[in-house]
Every structure is written in structure tokens, then in C-alpha cells.
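The values are calculated or read from the model by the stated rules, or taken from the named source; none is laboratory data. Just so it is clear, the structure is predicted and the values come from calculations on it, not from any experiment. Don't worry about glycine lacking a Cβ; one is built from the backbone with ideal geometry, like all the others, and counts go over all protein chains shown.
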Amino acid sequence: MNRKTLIVANWKMNLNVSQSSLLMHRLDKKIVSHHNIEIVIAPSMLALQPLSKEINHQKFSLACQNAYFKDEGAFTGEVSFSMLNGLVNYGIVGHSARRIYFHESLEEVRDKVKAAVRNDIVPILCIGETKPERLADETSQVLHDQLTSAIYHLTSDEVSKIVIAYEPIWAISTFDGEQSKPADMQHALKFIRHQIEDLHGYDVAKEVRILYGGSVDSHDILAYLSLEDCDGVLVGAASLNYEQFSTIVQKAYTLKYSKE
Ligand code: PEP
């Protein structure tokens, strides 16, 4: 199974509209299109519309970092997945910053995954354990709970198209930013694929793309991408630096190319 490598840049709440355009322009100059690598940029909500007009859609896709699960109504301040339909291909759902700072529950994450799918937006579902949970040997339980609850309402066909990002919270730069050992991450990635196989069968499990996220940069990208069950990366801090991010893409391409 040749799952297309996915590299996602999560700019978080950084860069205003003109700064976003400038970074996009620099990335466009540095990055060459690769048929077997997909590059997704998740800027702020405000920058999505202008960037959608500026980017080379052959090279880049856009993602929202969040959206509300209702399609419309009196939900002041929210933007729905239905409003983002046509503007983004992907939507990050259940990022740890949202679960921790905005207290997003398992049910809300589940409803957002469903809303994204309903509106033809591929959810990038983020799941991962905290440091205390890891130390208590609860990683598998946490991943199981976050995954199974989030995809509960999806059909097998819908599950086969979603993206799952394994992001151990302790490794994300916003939180502890502890350096993970790439080889130690394979266990969790495989566990996630097995969970999908248990629920939806082997054919679905082998289609699903599973990413790793947690302070990935241009130095360790190859170690993560070389893991058997790693189909790409979700990059936060390093994606704000065009040299770093374009090197990440270039290295991903070199690895993929060497396997062809
Ligand atoms: C993230 O926010 O999803 C992330 C992986 O961030 P960082 O790379 O900065 O740890």
C-alpha cells in the first residue's frame, strides 16, 4: 500500500494576513512540487481566504485549525465546517491545545470529526497522551478512548479517508517539548493502526494515514518518516521557519524517492 506522505504545517495563532502571505510566498519559492508528497498549510482562520487565492494548488492544500460542529445558527464567534467547504481540504480536529485550553470533550471532538466529513473536509484527528498518563502506562488506553470515541459515527469508507495525528502532548513544543525517541513512537503508531483494524478491518487500516507530531524539525524528520506506520508529520514551531519547513519537505521527498 502506497500511502501518500503528508506534511502538515500548523502555524497555530501566529502570523497576521500579510505575514502569512509572505511566508507562503517564501515556501512557494523554496519548495518544488512532488507527486508523492502532499503539503498542507494550516494558517489562522483569517488568512485562509487570501491564501486560497494566492497559493499554487498543485503544490499546497489548506487546512483549518479548528471549526464548530454545527453547520449554522446562533453560535456567535464560531465558524462552521460548512462555511469552510471549498476553502480547505483538511481540518485539524482535537488538537491538544484545544482539548487542554478550550476543554474540548471527547463528544465535541467526535461531533467535529463528523461535521468535517459531512462537509467534505478531511479531518486530521489529533490524539495523544500527557506525560503523567505515559508514566502511568496509560498511553494505549488514552489512544483507544480518544480514537474510538472520535470515529464512532463514521462508516468504514469514511474512516479510510481520515488522517490521524499521534501527538504525545509532552513532546509538543507548546507544552513540555520533550524530545521523543523516534523508535519509541512506532509502538503507538502501530497501536493506532491495529485499533482501526479491530474496528473496521485490515483494508481500511492500511488506507488510513497516520502522522507523528511533537517538535519535529529538519534534523529528526527522517527518523520519524522511516517508522513503518508513519505516513507523515504534523509540524508546529518548525513550520514557521521557511528554511526548516522546506528542508523537512525536501528530506521527505528524498526518502520517498529512494524507496521508489
Ligand atoms: C503541533 O502543534 O501540532 C505540534 C506538533 O507542534 P510542535 O511541532 O511545535 O511541537
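Details
Residue by residue, here is whether (1) surrounded by 18 or more Cβ atoms within 10 Å (Cβ to Cβ); (2) over 24 Å from Cys64 (Cα atoms) holds:
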{"position": "Leu147", "(1), (2)": "yes, no"}
{"position": "His153", "(1), (2)": "no, no"}
{"position": "Pro182", "(1), (2)": "yes, yes"}
{"position": "Met185", "(1), (2)": "yes, yes"}
{"position": "Leu199", "(1), (2)": "no, yes"}
{"position": "Ala205", "(1), (2)": "yes, yes"}
{"position": "Ser218", "(1), (2)": "yes, no"}
{"position": "Val235", "(1), (2)": "yes, no"}
{"position": "Ile248", "(1), (2)": "yes, no"}
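- Considering residues of segment 225-258 that are more than 10 Å from the ligand (Cβ to nearest atom), hydrophobic (A, V, I, L, M, F, W, C) and outside any loop (DSSP other than H, G, I, E, B) only, the residue modelled with the lowest pLDDT: Leu255
- Filter pass, Leu147 being aliphatic (A, V, I, L, M) and either within 16 Å of the ligand (Cβ to nearest atom) or in contact with a helix residue (DSSP H, G or I) (Cβ under 6 Å, 6 or more places away or on another chain) (or both): yes
- Test result for Glu178, surrounded by fewer than 19 Cβ atoms within 10 Å (Cβ to Cβ), within 11 Å of the ligand (Cβ to nearest atom) and not small (Gly, Ala, Ser): yes
- All told, Thr139 meets the bar of being over 18 Å from the mean Cα position of the chain (by Cα), of a type in the set (Ser, Thr, Tyr) and more than 16 Å from the ligand (Cβ to nearest atom).
- If you go through segment 63-79 and keep only what is within 23 Å of Ala9 (Cβ to Cβ), away from the ligand (no atom under 16 Å from the Cβ) and touching a helix residue (DSSP H, G or I) at 6+ places or on another chain (Cβ under 7 Å), you end up with Ala67, Val79.
- Residue in segment 111-123 that is under 16 Å from Gly214 (Cβ atoms), in contact (Cβ under 8 Å) with a residue 12 or more places away in the chain and crowded, with 18+ Cβ neighbours inside 10 Å present: no
- Looking only at segment 81-98, and only at residues there that are in contact with a helix residue (DSSP H, G or I) (Cβ under 7 Å, 6 or more places away or on another chain) and over 20 Å from Lys53 (Cβ atoms), the one that is nearest to the ligand (Cβ to nearest atom): Ser96
- Filtering Ser20, Ser33 for residues that are among the small types (Gly, Ala, Ser) and surrounded by 15 or more Cβ atoms within 10 Å (Cβ to Cβ) leaves a single hit, Ser20.
- Segment 16-31, residues that are within 21 Å of Lys4 (Cβ to Cβ) and in contact (Cβ under 8 Å) with a residue 60 or more places away in the chain: Leu27, Lys30, Ile31
Let's see how each residue does on (1) polar (S, T, N, Q); (2) out of contact with any Gly (no Cβ under 7 Å at 6 or more places or on another chain); (3) assigned to a helix (DSSP H, G or I):
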residue: Ser160; (1), (2), (3): yes, yes, yes
residue: Ala165; (1), (2), (3): no, no, no
residue: Trp170; (1), (2), (3): no, yes, yes
residue: Gly177; (1), (2), (3): no, yes, no
residue: His187; (1), (2), (3): no, yes, yes
residue: Arg193; (1), (2), (3): no, yes, yes
residue: Glu197; (1), (2), (3): no, yes, yes
